[in-house]
Structure formats: C-alpha cells, structure tokens
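Data first, discussion second: the structure below is written as structure tokens.
Bear in mind that the values in this text are calculations on the coordinates, not laboratory data. None of the values given here were measured: they were computed from a predicted structure. We place every Cβ from the backbone using ideal geometry, glycine too, and count neighbours over all the protein chains shown.
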Amino acid sequence: MRILLVEDDRILADILRKSLNAHNYIVDIAEDGLLGWNYFQSGEYELVLLDVGLPSLNGIGLCQKLRAAGYTTPVLLMTAQDASQERIRGLDAGADDYLVKPLDLDELHARIRALSRRGIVVPNTVLEIHGLKLDPSSCQVSYLERAIELTPKEYNLLELFLRNPSRVFSRSQILDRIWTFDDSPLEESVKAHIKGLRKKLKGAGVVGWIENVYGIGYRLSPQVSAAKIPQQIAQPIPANPSNSLKAEFNRKLEAMWLQYQGLMSERMKVLHAAVASVERKQLSPQLQESAANAAHKLAGVLGMFNRETGTQLARDIENLLRENEVLFPVQQDLFLNWVKDLKDLLALDPESQIEPPDFSRLLLIAPQSKISEELQYLAKGVGMSWQRCDNLDRATNWLQENLPHLVVIDLDAINARSSSLNLIAELASRTPSIPILVLSALDCLQERIEVARWGASGFLVKPLTARKIWDNVTNLIRINATATTNILVVDDNPMFSAGLRLLIEPWGIRLTTLENPVHFWEILRSTRPDLLILDVNMPEINGIEICRAIRNDSSWQALPILFLTVSKDTDTIQKVFAAGADDYLTKPIIGEELLTRINNRLKRNRLLQTLGRKNSS
Amino acid sequence: MNKCVLIIDDEEDVREIAKMGLEMAANWTVLTASSGTEGLNIARDKQPDLILLDWMMPVLNGKQTLEKLKSATETANIPIILMTAKTETAIKEHLQDLAIVGIITKPFRPLQLPDRIGEVLNNQI
C-alpha cells in the first residue's frame, strides 16, 4: 500500500517513514501542503497521513482541496493534543480520522489498517484467496498455513493483487502504486520482482497464480486444483469467440496438444530421471545436461500450446540446471518442486502416453483366446471395444479408473472363485450398477442360483461361440440402458470427452463417448441414450448433419439434443436450432452449467413422456 | 503468389504448430524438415522464400546447417531467421557475425508468427 505523508517536521517524518516501511507500506514524504497536493495528483495513493500545521497550505486546507476535487482517498489527520477545534475543523473538511501527537505508533498502524479496509466488506484485515493469506498487521504471508518469506517489494506486489483480485495491472500502474518517486525503477524491474514473487509462491505450491495478460500486464488468477482437471474444462482458453480463426486455431491446437502428449512425456521422462538421481544424490553431469536440454525444449514449446506458465517453469528449471554445476540441497529442493509443479501443470495422463485413451467400456475378464479376438472384432463393428484383463487384480485396477457398460467374466478360467464372486457383488451394488455376464462350464441349477445371488445379470454355459456371447452382451446393455440415465457424447476431442466423464459420471449418469461419428447409428441403437450431446465441428460429419438425420427418424424425435459449440455467432446458433437441437452450450464448458442444462433437459423430457402417456390412455 | 517458408526443426510439435500458424494466419505454403540434412535438400530443391531454422538440433545443428546453406550457391541467397529459446544469449552476442536476417524467440504465438516474420524482415531493410 502506498501512503502520502505530509509532514514538515523532518525528524517525525523520518520516524514515521521507518515505522511505516517496517510494515511494508510505501511512503512518499511531502514537506508542505502545496507539495503534498502536487505529490497527490501525480501518484496513486491509498492513504494520506496529514499534519495540520503545515507551511504554504495547511493540513485542513489541503484536505478541503482534496475533497473539493472529488478524491475519496482516506485522510488521517495528525493534530496536537490540545487542539480540539482543529480536529473538528479537520473532520468537517473531510478527514476520516485523527491521531493525537505525540503519536502512539501501534495506534497509528491500527488506524491505517482500519482505514485501508474502508469500503471493502471484510470481517478482518487479513486478505485471503483460496488459502493464500496476507496479514497486513503482522506482514505475514502464508499458503495453507505454511509461511512464505517475501521481500518487501514482493509483499507489496502480492498485496496489490490480493486487494484487487482479477484486476489487470500494467507494469507502469504497478510502478505508480508500489514505488515512491525517489526510487522509481525501470519497468523491467517490475518484471524481475514479479518473477521473484512467482518463484517464492511456486516454492510454497502456489503455481501459476500471477498470470501474464498478454500485451497488458499481470493479474491474480488463482489456480484451484486445475492440474487434475483436463485443461479445456479447467481453464478456458483465452480465445475471443468472435474471432473464428482464433477459435478454430485453438480447437486444432488442443487436438495437437493431445496428439503430442507422447512427445511431451518423453521430455518429462528425462526430467523425472534427473529427479530420481537427485533423490539418490547421484545426478551425473550428463544427465543434468540432458535434463537442461529437455527443459529447454519444453520452455520453447509449451507457450505455443497456450501454456505460458509451463514455459516459465521449464525455463526456471533449465536456468537452475545450467547455472549450477553442482546443485546444493536448497537448489535440489527447488528442482524437485519445480519438476513436480510442471508435471501437475501439464497433467499428462501416464496411461494415455502408452496407448490412446481407453473408451472401450466393455470389460472381459478371461484369458486371451480365439473367442476373445472374435468378440473384439464384433464390438469394433459397432464402434465399441473390449478391455481384456487375464486376472482379477488387473481387472480390479482397471475398474478403479473406468466404468464399463458391462463385464463378462469367465469363472472357470479365472482361478479365484470367491474373489470373482465378491467382484460381481461389488459391481452389482455400484450406482449405476454394472451388468455382469458369467461364463461357466458348470451347467447346473445350483451354480446358476449362486451366481445370480451374488448379483450377476446373465449366465452362459460353455462351450460358447463369440456370436452367442455378443448377442447376450448387446441384449444386457440394452436392458441396463433403460434403467439408468445414459448420455451419448459425440465429440472428436478425446480429452474433452474424458473431462466430461469426470464431471458427469460421479452423478450416476452413464456416459458413452464417440470420437468418430461413423458408427453413430449403431451406438445410438445399442445405448439408447436419454440425451445426446453433439459437437458442432467435427472433421467427417458435422454435428448439425447428425442432428438433422436424427430428427428425420420418427423413433428419435423426442431425444433431447444439446449442442456444444466454440462459436457464439448467430448463424451457427440458428443452424443448430433449425436442425432440431433443444439447447446449446459454448465451449469451454463450465461444469455446473452443463449439469444444470442436462438436468433441465432430462426433467423436461420425462415430463413430456408422462404427459404423452396420459394423453394416450 | 503465396510465400513459401521452410521450417527446419527437430521437434515435431514445434514444426507442426508453426506450420499451422503460418497456414491459418497468412495462407503461406509451408515445407518442413526434421533435420539439418533434410532441410538442406528441401531448400535446394524447392527454393523457399524464407527459412526458419532451429538453433538447437542434434547431428547437424543450427549453426552448421546455417553455414552449409550459406556456402551452397543454390541456397546462399535465401533469407534465414533463427528460432531460439530465450536463454540462448550466446547467439545474440554473435548476432552480427551470423548470416541471418533475425531471430524469433520461442515460444512464439503461432498465429502471430507471420507478423513476427514481417517485423524481422522489415527491420533488416
């Protein structure tokens, strides 16, 4: 906070300045009233500390002048003990409060704190945003109760951002607010202090909160567990929706980001190898060099993918590794922290690096066989696929991350009968429950009853053909689909679909995702969704064409269709509705809004169906 | 006629993003090469209007590629812009010794790449 002190007593002014500086306030001193007026007009002050008896223009006159000019900046008067008339005149002239000389410094600070929160409704003077706290009374900064040590300038910067969340400050605005006239630095040094602040925040786990607003300046942008949620949903891409080229570019860029996840993780792998060596205290110069090169490459490329924070972190890592031949313990800690931050920020999915994201949604617990291959072939024919696990442990692991439409388990081949039955019971009791088809060599009533009691939905006796199993599978999926809410999503971006899944499935809604609309009709028939979400822009067939085709088919006329679009232009919106859509949402999607819209659509549809039944009866 | 640009960079994603930016924002024809050697061949055969050259490449690095491009008569007159990350200050110090028209710092905004190239070329003249 920047304070203008107008005081002609140099000794007192000096004492006050020291005390205020110690509390991290920035202080300019004017020695007379006119000078005070000049200072005030050219600087950005949040408080004026004003002596009454001043040469050229006295304190009360200056206060009147300020108020007459429309300034509302808080004014704290300093008056002599026996001058009650002065105090009354001062308050009448527009001062906010007064202090009696000789000053009690503690009282002075308390009054400043009180005045600085004027107009802001806060229960106390502590500034806090998502666990990042700044306490002006003790000058302490902490994140999640862990103290962060800042230099006075870094403290001032953070205070400015916390007092004005989401406001963008240019470098010169920052200069005006937290530097005095005497030590006005170059704009470059704002950059240096921002960098220092970022680094210290990062060390405490506050990563990427101070955002570069390209071409404008900086602002506070708290990143709340953004790393865990796919980028597209967590952080809206700063696209200007009216600029369709940019929107189109960003869409392609996200697709590219997915495409090059493997390349990104190759680069991260080198950093992780270096981390492992550092932890074992044996980082070789060669590995350090390779890690620096990997960081260099990441720094060069992440910013192009709209991930500026990533570039910044990678650059810091590179510098750390290049500037220090041997890393001291403190630097080692920094290195470990930064690599971890970078990893969290990029949120590369370790599974997806080995193979494309798995949306197969059918689980086969059985050893590899000719039948399993044929089943895969049959599923692929309708755009589905099987995840096969040859033992229960693998299946259990896979099930922790995935929600299949159906599970087929070969009881005899899986040599763990009681665990298998427990798994069946667990899957059957899930919400939504997962249908389980059991394959068994035992054809007796006893076995059928036992398996059914544990919760299986189907029982087939061996020997079997793949065709027979597949017919039962599709039948069970169809039956199950009518019992739960099903949503079918057609979007060519698998990352987006994965994000939706995270959002929607906890609500007991089953999601089927389709990247390539070629098998759309088969999937539509087999899943019978309660709601369809379509992306407008897809490479082969666009969403509007699909929508039109659906509305042309009498059996699907009542299916609620929700569109996702990156552009808000009226032309697209009109086309969407003309094709028969019920609603549309603009990307990036806000989770709550999407859920509300889905619920509205589903509720409305159920109502219409009930009314329809009443009418026909 | 559209400008034809050759991008020489060993990193596939950098190449593809830069290509996308140039194609979408300026409708330029973009050729790409994943190594210095490949770049030399393409530059000789296709005679691009401009070359964007990555500095840090394995095998034939940016500097060596630059020298070869400049020493071959077929490619000696093609303007070359270096692409580097910020920390490579060593190059900046020797900028005047290098036969390039300028430097573009990575990461760049892909859609603004044509403008950046324009700035670099104008400064040269």
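Axis of helix A:187-203 versus longest Cα principal axis of chain A: the two differ by about 50°, to the nearest ten degrees. Rounded to 0.05, the FRET efficiency of the A:THR151 and A:ARG67 pair, given R0 = 41 Å and the Cβ-Cβ distance, is 0.70. Rounded to the nearest 20, the Cβ-based charge dipole of segment A:1-144 about its Cα centre (Lys and Arg +1, Asp and Glu -1) stands at 360 debye. Taking amide H as placed 1.01 Å from N in the peptide plane, B:SER35 has its amide H under 5 Å from the amide H of B:ASP9, each at least 5 places away in sequence or on another chain.
Helix A:591-616 and the longest principal axis of the Cα set of chain A meet at an angle near 40°. A Förster distance of 30 Å, applied to the separation of the beta-carbon atoms of A:THR396 and A:LYS340, puts the FRET efficiency at 0.60. Among A:ILE424, A:ILE541, the order by Cβ neighbours within 10 angstrom, fewest to most, reads A:ILE541, A:ILE424.
The mean count of C-beta atoms from other chains within 10 Å of the C-beta of residues in B:7-14, rounded to a whole number, is 4. Arranged from fewest to most other beta-carbon atoms within 10 Å of their beta carbon, A:SER429, A:SER265 become A:SER429, A:SER265.
Using R0 = 56 Å, the C-beta based FRET efficiency linking A:ALA22 and A:GLN286 works out to 0.70.
Between segment A:248-287 and segment A:15-68, the alpha-carbon centres lie 54 Å apart.
Across all directions, the average flat footprint of the convex hull enclosing the Cα atoms of segment A:470-567 is 6.7 nm². Spin-label pair A:GLU374-A:LYS269: with each label point 7 Å from Cα along the Cα-Cβ axis, the two points sit 3.8 nm from one another.
Rounded to the nearest 20, the Cβ-based charge dipole of the protein assembly as shown about its Cα centre (Lys and Arg +1, Asp and Glu -1) stands at 2100 debye. Model label points for A:GLU279 and A:LEU403, set 7 angstrom from Cα along the Cα-to-Cβ axis, are 3.3 nm apart. Taking the three principal axes of the alpha carbon atoms in segment A:1-151, the coordinate ranges are 50, 31, 31 Å, sorted in descending order.
Modelled spin-label separation between A:ILE129 and A:PHE577, with each label point placed 7 Å from Cα along the Cα-to-Cβ direction: 3.7 nm.
A straight chain from A:SER84 to A:SER429 at 0.36 nm per residue would run longer than the Cα-Cα distance by 116.3 nm.
Which order do A:ASP535, A:ASP28, B:ASP115, A:ASP583 fall in if you start with the one that has the fewest other Cβ atoms within 10 Å?
On the way: A:ASP535 23, A:ASP28 20, B:ASP115 13, A:ASP583 17.
By the 10 Å Cβ count, ascending, the order reads B:ASP115, A:ASP583, A:ASP28, A:ASP535.
For A:LEU511, nonlocal amide neighbours, meaning residues 5 or more places apart or on other chains whose placed amide H falls under 5 Å from its own, are A:ILE487. Computed from Cα atoms, the angle from the helix A:33-42 axis to the main principal axis of chain A rounds to 20 degrees. Of interest is the spacing of the C-alpha centroids, which for segment B:53-69 and segment A:535-589 amounts to 49 Å. In sequence order, segment A:449-460 has phi-based couplings of 5, 4, 4, 5, 5, 6, x, 5, 9, x, 9, 10 Hz under the Karplus curve 6.51 cos²θ - 1.76 cosθ + 1.60, θ = phi - 60°, and Gly or Pro positions carry x.
Step through the table entries A:LYS199/A:LYS340; A:LYS252/B:LYS19; A:LYS133/A:LYS191; A:LYS153/A:LYS200; B:LYS3/B:LYS46, compare each Cα-Cα distance with 19 Å, and write down the pairs that go over it.
Values: A:LYS199/A:LYS340 14 Å; A:LYS252/B:LYS19 12 Å; A:LYS133/A:LYS191 23 Å; A:LYS153/A:LYS200 13 Å; B:LYS3/B:LYS46 12 Å.
Too far apart for the 19 Å limit: A:LYS133/A:LYS191.
Percent of Cα pairs in the protein assembly as shown per distance bin of 10 Å, from zero to the largest separation: 2, 11, 16, 17, 18, 16, 11, 6, 3, 1, 0.
In terms of its C-alpha gyration tensor, segment B:3-81 comes out oblate, because a/c is 1.5 or above while a/b does not outweigh b/c.
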